[in-house]
Amino acid sequence: MGWILTGFALIAVIDLVPLILQRRGRAIAAFLTVFVIALTIAVLPALGVQIPPVLTFFDKLFKSIGLSY
Amino acid sequence: MLFGYLIRKLRFLTSYRNIQHQSGNSANEETKVEKQNEIKIQKSLHENLKNLKNILCDSQDLNVHSIRFGSESQFSAAIVFFDGMIDNPTLTDGILRPLMLWGMGKKEDPDDTDLLNILEQEVVCASTVTKEEALSELAAGCLCGETVLLVDGCMGGLVINTKGWEKRSVTEPASETVVRGPREGFTENLRTNTSLIRRKIRNGQLKLEQLKVGEKTQTTVCLMYLEGVANPKIVEEVQYRISQLDVESILESGYIEEYIEDAPFSPFSTVDYSEKPDVVAARILEGRIAIVVDGTPFVLTVPMLFIESFQTAEDYYVRPMYASLLRIIRFIAYFITVFAPAVYIALNSFHHELIPTTLLFTFAKAREGTPFPVFVEALIMIFAFEILREAGVRLPRPVGQAISIVGALIMGDAAVSAGIVGAPMVITIAITAVAGFLVPSQTDSGSMLRVVMMIPAAVLGLYGVAFGFLGMLVHLASLESFGVPYFDSFSNTRDMQDTLIRAPLWAMTRRPKGIARGDMTRGHFFIPPLRPFASDKHQEDDAQEGGES
Amino acid sequence: MKIDQSQISSTRFMYTIAFFLQSSALLTAFLSSITEHDSWIPVLIGGVLCIPLILVYRSLMVNFPENTLLGMLDTVYGPVVGKILGVGYVWFFLTLSALNLTDLGDFTKITVLTETPSMILAIFCVLVVVWAVRHGVKVVTRYSALFTITEFFIVFISTLLLFDKIDLKNFLPMFQLEPIKYIHSTHIIATIPIGELVVLLMLTPSVKLSRKTATKCWFLGVGMGMITLLVVLMRDIAVLGNTMRMFALPGLVTMRLIHLGESLSRVEILFAVALMMLLFFKVAVLCYVSTIAIAQMFKTKKYKNLALIVGIFVVYYGTILYPNNVEHVVISQEMMPFFWGIFEIVIPILTLVIAKIRKLPKKQPEKQKQKQEVQHAWDGS
């Protein structure tokens, strides 16, 4: 858990700080979106919360439609 | 406060290229201010001499010789020069004698303004005579080894070329020896070097531009290139970068290399150098630009491609197949020198199944008694080897033999017998070290990369080595030397004629694509000359003489 | 909108297409478990049936030379629907990157480093990939020619060395399976190797192509890739025969069987080398495309600073994609052809048709066209 947080903090320092210094609003928005999603996906398993696998979800969706082999 | 310091450093790192261009502009403003505050030249000889001595800080080796000349000795003048930097015969025969023997052809006294012109064009016998009107220029002329002639009553002085000092003669270069090929090397004198290049390329297209760099050293730097072949954009870029240098001293071409290179933090250098005129001439003929710096025998050539480190001069003088074989061996040697310790560590720590069984037993036996893990052993040995290599360069000659024996014994037998390192490790590092010398201009990058590759190898085995290799490839792909991609010759299938193999000279009809934008054809393609004696004509001779003996 | 300012030449683009396809030649387990010894038939049929698909991609590239794929969607469908489809494609690119990255990590974990957590392997790969992505498309595609030729070389050498083990009887019996299996395999070929070429439509602004060069590029590139795929499959079938469906990596097993005299064995290292090379650059291209796509969605030109976080996101995303390898294979065989088919086949064809109906792109005024022609291409190769 500690390693994950340190890693993400390092990424923020390397990439976010120059963007803030240059005041690029849209790039900061893009960065933060991906950052937050990545952080959630990284931290949740460490806290014990199981994330449902993405492809299984789509598999069930398609099978219910009938669109699969 | 600390946070402010960090923010400032971050801002610097993200925009350091902009800073370079800005400092160039401020330098120009400073020199303009300086020029306005200069001491003006005056008519009185006594005043001029006093000011000149002030500029040159009244050094004791500054000689001032007052003379009088003219048909009735009516003009008084003084010659100023630095002792030891001038050629005495030129001074006496070229300046003093004609001056003192000058009789007036015309009856009238010439004007003050005309006097200098007459002296410059009719009297003084030297190869270069210029009239200068600023004291700083006269002082600069003195400092270069030229003689300054100041005449009383004239607002100006003559700077006469009398350069002559002790020079090293043209000998075989110590750093690049060849078995076959010319053995001339550059010297520390700029004119000798440019003349050596000019003697190789006797074509009017070879252009030479001169710049003075360095505030205190006033080093002359020459750019030589083939006009019409070299890419004009690169020429402009080189001129811009050198003219923007606002430094105090240029003592060696390495200084210029560091100031103009494209990737200061990369282990690979993007500016190449050489000590041999034929190598530099060949590079100029391919469209590159040579930068000759006064005071050093190492001439820089830009732009550089990665493949140039693997091409030696001898490659082109020996037969193509043998040269191709040597080229492939050099590539393998570079690969060994960078990756051998890493692969050894990876195999020993992670992939025991890849080692043949008998060798595996030897390794295991060798590692039985050693206390350190393989990574630390390798680091120790590499460090010891680097110490030995550096010591070998700095040793005074009398002590050399003794120290080399001690080094060999320490690194060889004693370390293994003492159980500090294992014998296979010594062998690996020895091969690594020796292979590193096959590619002389990449020894520095090889030494650094070898240590860098060992870290992923120790962490993830061969997977780490593979990604270290890919990382190195990515870095090489991103390097550019003055706009030409560094790895150009590998990605461009047409330039492969001179990379892994050395194609025969009659097949290399086009210059490298990225460099010679001006004119890409070198010559015409023709098959090797027909062998006249193999034709049928001469079979009759054999038959007449009764068959071959 | 042109985010990355560098240009690459058409030959390099062609080699990029080729090695994109070649990287699928190494992981043929999807195919070989369905139509075991007849797997080469779907490859041939799929190759031929996909010619119109390649033409669709080529036409999209030629008709919208300054737009990336997301830009094309915006132009053709209007801002709202275009944005929604764009988000879908961003998710698609990220999923593809994650799948390929976990393939690389899993392969290494299975064969070489069995005790390392596969996330460490993936992070290692991603760090180097992100470094390449930050430098732009020139670096990412620089070695495409070299690696394509190296892969050809490896395939050729391995086929040569396996001559004594090739048994042509392993191809029989032909055409004896149920037709649905052939259709299934052809569908897989159309979506997984060939369909992934839709990501290269994001590179359109970086490659200047006329209609003729584009056709040549696409067909030569696809041709080279499909030939490699076909040769590899046929080699595997000829050597392994019926046992092929037992193995997760038939190519690896084939190379393990090479045994020339006493000394030349363990040639599977070549397979590992080829796989690592090709998958690394495929992941690099995919991550680059994902970063550009995200930057374009947010209308920013600073894709360099997004590269690292997108890479790390891809690593973690790969861990939540499927619970285990078996599910992965089952899902890929059953669901993915349809799902990917939407992104790779349906939407591009629809886009082209609608573009033709709406007569897009509109003719640009002469001034703008001239400005575009004065461009430095001297650093193009």
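Taken together, the values in this text are just the output of simple stated rules run on the coordinates, not laboratory data. Note that this is a predicted model, so its numbers are computed, not measured. Reconstructed Cβ throughout: ideal geometry from the backbone, glycine too, with neighbour counts over all protein chains shown.
Would you please give the FRET efficiency between residue B:451 and residue B:167, computed as 1/(1 + (r/R0)^6) with r the Cβ-Cβ distance and R0 = 45 Å, to the nearest 0.05?
Details: r = 41 Å, r/R0 = 0.92.
Result of the calculation: an efficiency of 0.60.
Using the Cα centre as the reference, give the magnitude of the dipole from point charges on the C-beta atoms of the stretch C:10-361 (Lys, Arg: +1; Asp, Glu: -1; all else neutral), rounded to the nearest 20 debye. Present the calculation step by step, with values, prior to reporting the outcome.
Details: 26 positive and 18 negative charges, 341 e Å.
Once rounded to the nearest 20, the dipole reads 1640 debye.
Between residue B:177 and residue C:326, how many nm apart are label points set 7 Å from Cα along the C-beta direction?
That separation, rounded to one decimal, is 7.0 nm.
Per residue of C:310-316, count partner chain C-beta atoms within 10 Å of its C-beta, then hand back the mean as an integer.
Working: counts 5, 3, 10, 8, 2, 3, 11.
Going residue by residue through C:310-316 and averaging, the value is 6.
Put a dot 7 Å past each Cα toward the Cβ at residue B:361 and residue B:5; how far apart are the dots in nm?
6.1
Roughly what percent of Cα-Cα pairs across the stretch B:190-315 reach past 19 Å? Intermediate results must be reported in sequence, preceding the final value.
Values: 3502 of 7875 pairs.
The calculated P(r) of the stretch B:190-315 puts 44 percent of pairs beyond 19 Å.
Return the single residue from C:100, C:325, C:67 with maximal mean-square fluctuation; model: Gaussian network over chain C, springs between Cα atoms under 10 Å.
C:325
Calculate the all-directions average of the projected area of the stretch B:450-490's alpha-carbon convex hull, and give it in nm². Walk me through the numbers on the way to the answer.
Working: hull surface 13.0 nm².
So the mean shadow area of the Cα hull is 3.2 nm².
Report, in whole Å, the centroid distance computed from the Cα atoms of the stretch C:313-354 and the stretch C:13-53.
With the stretch C:313-354 and the stretch C:13-53 each reduced to a Cα centre, they are spaced 16 Å.
Which entries of A:60/C:109; C:138/C:208; C:138/C:301; B:43/B:131; B:53/B:167; A:60/C:83 have Cα-Cα distances beyond 19 Å here? Could the numbers behind the result be given before it?
Numbers: A:60/C:109 29 Å; C:138/C:208 14 Å; C:138/C:301 17 Å; B:43/B:131 15 Å; B:53/B:167 28 Å; A:60/C:83 26 Å.
The pairs that break the limit, which is 19 Å between Cα atoms, are A:60/C:109; B:53/B:167; A:60/C:83.
For the residues B:309, C:6, B:195, what sequence is obtained by ranking on other C-beta atoms within 10 Å, fewest first?
B:195, C:6, B:309
Taking all pairs of different Cα atoms in the protein assembly as shown, averaging 1/r and flipping that mean, what Kirkwood radius in angstroms comes out?
Working: mean 1/r = 0.0296 Å⁻¹.
Kirkwood radius, the protein assembly as shown: 33.8 Å.
I need the Kirkwood Rh of the stretch C:10-361: take the reciprocal of the average 1/r across all distinct C-alpha pairs and report it in angstrom. Spell out each step's value before the answer.
Values: mean 1/r = 0.0482 Å⁻¹.
Computed over the stretch C:10-361, the radius equals 20.7 Å.
For peptide B:454-465, how many partner chain Cβ atoms fall within 10 Å of a residue's Cβ, on average?
Working: counts 0, 0, 2, 0, 0, 3, 7, 4, 7, 13, 3, 0.
Taking all residues of B:454-465 together, the mean is 3.
Measure off 7 Å from each Cα along the Cα-to-Cβ vector at residue B:353 and residue B:505, then give the distance between these two points in nanometres to one decimal.
Label-label distance for residue B:353 and residue B:505, simple model: 5.4 nm.
Of C:170, C:305, C:324, which has the largest mean-square fluctuation in a 10 Å C-alpha GNM of chain C?
C:324
Rounded to the nearest 10 degrees, what's the angle between the helix C:325-334 long axis and the longest principal axis of chain C, both from Cα atoms, 0 to 90?
Helix C:325-334 sits at roughly 60 degrees to that axis.
If you average 1/r across every pair of different Cα atoms in the stretch B:45-160 and take the reciprocal, what Kirkwood value do you get, in Å? Each step should come with its number before you reach the end.
Numbers: mean 1/r = 0.0704 Å⁻¹.
It works out to 14.2 Å.
Report Rg (one decimal) and Dmax (nearest whole number) for chain A, counting Cα atoms only, units Å.
Rg and Dmax of chain A, Cα atoms, are 17.4, 53 Å.
To the nearest whole number, what is the average tally of beta carbon atoms from other chains within 10 Å of the beta carbons of peptide B:469-476?
Details: counts 3, 11, 6, 1, 8, 14, 5, 3.
Taking all residues of B:469-476 together, the mean is 6.
Could you state the number of Å between the C-alpha centres of the stretch C:258-298 and the stretch B:321-373?
24
Once you have the Cα-Cα distance between residue B:212 and residue B:122, take 0.36 nm times their residue separation minus that, and quote the gain in nm to one decimal.
Working: separation 90, 0.36 × 90 = 32.40 nm, distance 3.00 nm.
That pair, residue B:212 and residue B:122, stretches by 29.4 nm at full extension.
Just to confirm my numbers, what's the Cα centroid distance between the stretch B:381-425 and the stretch C:91-112 in Å?
The stretch B:381-425 and the stretch C:91-112 have Cα centres separated by 47 Å.
Rg(Cα) of the stretch C:91-221 divided by 2.2 N^0.38 Å? Please list the in-between numbers first.
Details: Rg = 19.3 Å, N = 131, 2.2 N^0.38 = 14.0 Å.
Against the empirical 2.2 N^0.38 Å value, I get 1.38 for the stretch C:91-221.
Bin by bin, in steps of 5 Å, what percent of the Cα pairs in the stretch C:1-92 do you find, going until the bin that has the longest distance?
Once binned at 5 Å, the Cα pair distances of the stretch C:1-92 give 3, 10, 13, 19, 18, 15, 12, 8, 3, 0.
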